[in-house]
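S.K.: This is the structure, below, for whatever I ask next.
Readers should treat all values here as calculations from the given coordinates under stated rules, not as data from a laboratory. This is a predicted model, so every value here is computed, not measured. Because the Cβ atoms are built from the backbone with ideal geometry, glycine has one as well, and the counts that use them run over all protein chains shown.
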Amino acid sequence: MKKPTRVNHPPPVELPPGNRPLVAPIYQSVKFEFEDLSATEQFLRGERPGFFYTRSGNPTNRQLERLLAELQGREDCLVTASGIGAIAQALLALTKSGDHILTFIESYNPARHLMRRLLARFGVRHTLLSIADTAGIERVLGSEPVRLVYFESPTNPITRIADIAALTRAARAAGALTVMDNTFAGFHQHGEFEVDVFVHSLTKYASGAGDVLGGAVIARAELIRAMHGDFGVLGGTLDPHAAFLILRGLKSYFVRYRAQCASALAIAQLLAAHPAVTRVHYPGLPAHPQHALAARQMRDFGTIVSFDLEGGEPASRRFADALELFALTPSLGSGESLVVTAHIMGARDLDAAQRAVSGVTPGTVRLSLGLEDVDDLIEDVTRALAAAGS
Ligand SMILES: *Cc1c(COP(=O)(O)O)cnc(C)c1O
């Protein structure tokens with residue numbers, strides 16, 4: 001074998017029987033082969049397991065999919081290149097022209113954009129209600145066929161809580177699927193409810209370091225099987241190296257999530273007692289209007305705390321600029337604490353009435369708690385509140 005040939009066929013290294021790495025290797029390979037043509041044909045006919053082309057399956061991605069399915073309490077999972085990619089691909093795979101989606105004002109902006117701008121072009125309509133509008137939900141589900149109900153809980157940014165048992169029961173009775181963006185609550189929550197499809201951004205709590213994008217769709221095997229072919233050609237495949245980083249991040253998921261929740265509660269309590277603050281949105285506070293529902297549905301209340309400043313928009317600007325430890329940028333679940341104000345959250349697609357329903361005011365601030373020492377965070381927020389009030 002000449003050297004230009006050799007560099008393209010390097011010597012294989014296989015572990016001897018009984019010898020294994022504790023951390024699975026990154027299968028950074030697009031292609032996989034079988035021993036001969038008939039084995040390949042068997043694989044393509046679905047008669048033998050294996051991998052062939054990473055866009056439709058990769059062992060590193062598969063390990064992540066199996067772990068996430070187990071964490072969320074479902075049979076199977078598909079990982080994608082980003083959270084919004086998971087939402088887009090799931091909605092494209094689950095709907096067809098003429099279908100109707102019921103969704104909510106209190107939701108992640110890009111998901112609404114997807115329905116309003118993209119799905120609408122393919123004849124998929126949607127109705128936008130408040131997650132708190134129980135009568136409206138019953139009316140829509142009772143008056144015409146609904147393909148799916150798409151929702152979040154706690155909602156972004158003001159942490160309203162969906163009554164998941166009631167919502168899934170009503171959807172099921174009407175023959176609609178439920179699709180829940182469970183990014184805020186995390187993989188260890190809400191699995192006991194009859195949600196058909198969970199979507200997650202892995203960019204947040206899964207990686208934990210804020211250095212990699214990823215998404216996941218988690219559901220029973222039959223639904224994942226139905227979506228798998230479409231996902232393969234939509235092409236938003238997670239890179240195996242990103243899957244490896246996310247698997248690594250997940251090792252500390254529970255420890256991080258709970259530490260961040262403890263900081264969120266401490267900051268929420270601090271805000272609730274401060275005269276410059278008119279409202280605090282954190283489901284872990286007994287004063288949260290849906291605290292009892294949250295306590296029934298959740299084990300941990302999340303790491304997002306939103307609040308309104310008495311001084312409105314100018315105060316929120318002063319507050320955000322005075323913070324030193326909180327980076328002024330969106331997202332959540334990273335080691336660094338983060339802050340966004342109403343101007344940055346921007347819900348430009350909502351009209352005035354919908355904006356009022358959303359609960360976001362010009363003085364609304366959203367904090368995402370990181371992994372810093374809580375005493376430092378308290379000191380930083382206390383100083384910024386003083387600056388906001390001045
Ligand atoms: C961030 C986020 C997404 C989108 O995830 P990306 O990985 O950034 O594409 C979807 N839903 C929620 C609730 C999010 O916070």
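S.K.: Taking trypsin sites (Lys or Arg not before Pro) as exposed when DSSP calls them loop (any state but H, G, I, E, B) and at most 11 other Cβ atoms lie within 10 Å, what is the longest stretch of the chain free of them, the sites themselves excluded?
M.R.: 97-250
S.K.: Taking the beta-carbon count within 10 Å as an exposure proxy, list Ser82, Ser97 from fewest neighbours to most.
M.R.: Lowest count first: Ser97, Ser82.
S.K.: Sum up the charges of everything whose Cβ sits under 14 Å from the Cβ of Thr303, counting Lys and Arg as +1 and Asp and Glu as -1, but leave Thr303 out.
M.R.: With Lys, Arg at +1 and Asp, Glu at -1, the net is +2.
S.K.: Right, here's the next one. Per 0.36 nm of contour for each residue apart, how much would the distance between Phe32 and Glu222 grow if the chain were fully extended, relative to their Cα-Cα spacing?
M.R.: Additional length available on full extension: 65.8 nm.
S.K.: Share of antiparallel DSSP beta bridges in the chain, in percent to the nearest 5?
M.R.: DSSP beta bridges in the chain are roughly 60 percent antiparallel.
S.K.: With a ≥ b ≥ c taken as the square roots of the eigenvalues of the C-alpha gyration tensor of the range 253-307, please select rounded if a/c is under 1.5 and otherwise prolate if a/b is larger than b/c or oblate if it is not?
M.R.: Since a/c reaches 1.5 but b/c is at least a/b, the shape of the range 253-307 is classed as oblate.
S.K.: Report, in degrees rounded to the nearest 10, the 0 to 90 angle that the Cα long axis of helix 253-272 makes with the longest principal axis of the chain.
M.R.: Value to nearest ten degrees: 10.
S.K.: Determine the shape class of the chain: with a ≥ b ≥ c the square roots of the Cα gyration tensor eigenvalues, call it rounded for a/c under 1.5, and otherwise prolate if a/b is greater than b/c, oblate otherwise.
M.R.: It is oblate, given that a/c is not under 1.5 and a/b is not larger than b/c.
S.K.: Applying 1/(1 + (r/R0)^6) with R0 = 45 Å to the Cβ-Cβ distance of Ile378 and Arg117, what FRET efficiency is obtained, to the nearest 0.05?
M.R.: Approximately 0.60, to the nearest 0.05.
S.K.: To continue, here is another question. Of Gly98, Gly57, Gly208, which is the most mobile in a GNM of the chain whose springs link Cα atoms less than 10 angstrom apart?
M.R.: In this elastic network of the chain, the residue with the biggest mean-square fluctuation among Gly98, Gly57, Gly208 is Gly98.
S.K.: Here's a follow-up. Cβ under 12 Å from Tyr253's Cβ, Tyr253 left aside: what net charge do those residues give with Lys, Arg +1 and Asp, Glu -1?
M.R.: +4
S.K.: Further question on the same structure: Among bridges DSSP assigns within the range 152-298, what percent are antiparallel (round to 5)?
M.R.: Antiparallel: roughly 55 percent of the beta bridges in the range 152-298.
S.K.: Quick check: net charge around Val357, other residues with Cβ under 9 Å of its Cβ, Lys/Arg +1 and Asp/Glu -1?
M.R.: Here the charged neighbours net out to -1.
S.K.: Would you mind calculating the gained length between Arg125 and Val23 on full extension (0.36 nm times residue separation, minus the Cα-Cα distance), in nm to one decimal?
M.R.: Stretched out fully, the Arg125 to Val23 stretch lengthens by 32.2 nm.
S.K.: Next question. When only DSSP loop residues count, what GluC sites (Glu not before Pro) in the range 125-201 have their Cβ near at most 14 other Cβ atoms within 10 Å?
M.R.: Glu192, Glu194
S.K.: Determine the distance separating the Cα centre of the range 311-370 from the Cα centre of the range 216-238; give it in Å without decimals.
M.R.: Their Cα centres are 33 Å away from one another.
S.K.: Among the lysines, select those whose C-alpha is under 16 Å from the C-alpha of Lys251, and discard any that sit fewer than 8 residues away in the same chain.
M.R.: Lys204
S.K.: Under the rule a/c < 1.5 gives rounded, and otherwise a/b versus b/c splits prolate from oblate, where does the range 122-278 land using the Cα gyration tensor?
M.R.: Since a/c reaches 1.5 but b/c is at least a/b, the shape of the range 122-278 is classed as oblate.
S.K.: Further question: Figure the gain on full extension for Arg55 and Ile344 (residue separation times 0.36 nm, minus the Cα-Cα span) and round it to one decimal in nm.
M.R.: Result: 100.6 nm gained on full extension.
S.K.: Can I ask one more? For helix 83-94, report the angle its Cα long axis makes with the longest principal axis of the Cα atoms of the chain; keep it between 0 and 90° and round to the nearest 10°.
M.R.: 70
S.K.: On a straight-distance basis, which lysines could pair with Lys31 in a cross-link, Cα separation under 23 angstrom, same-chain partners fewer than 8 positions away excluded?
M.R.: Filter leaves Lys3.
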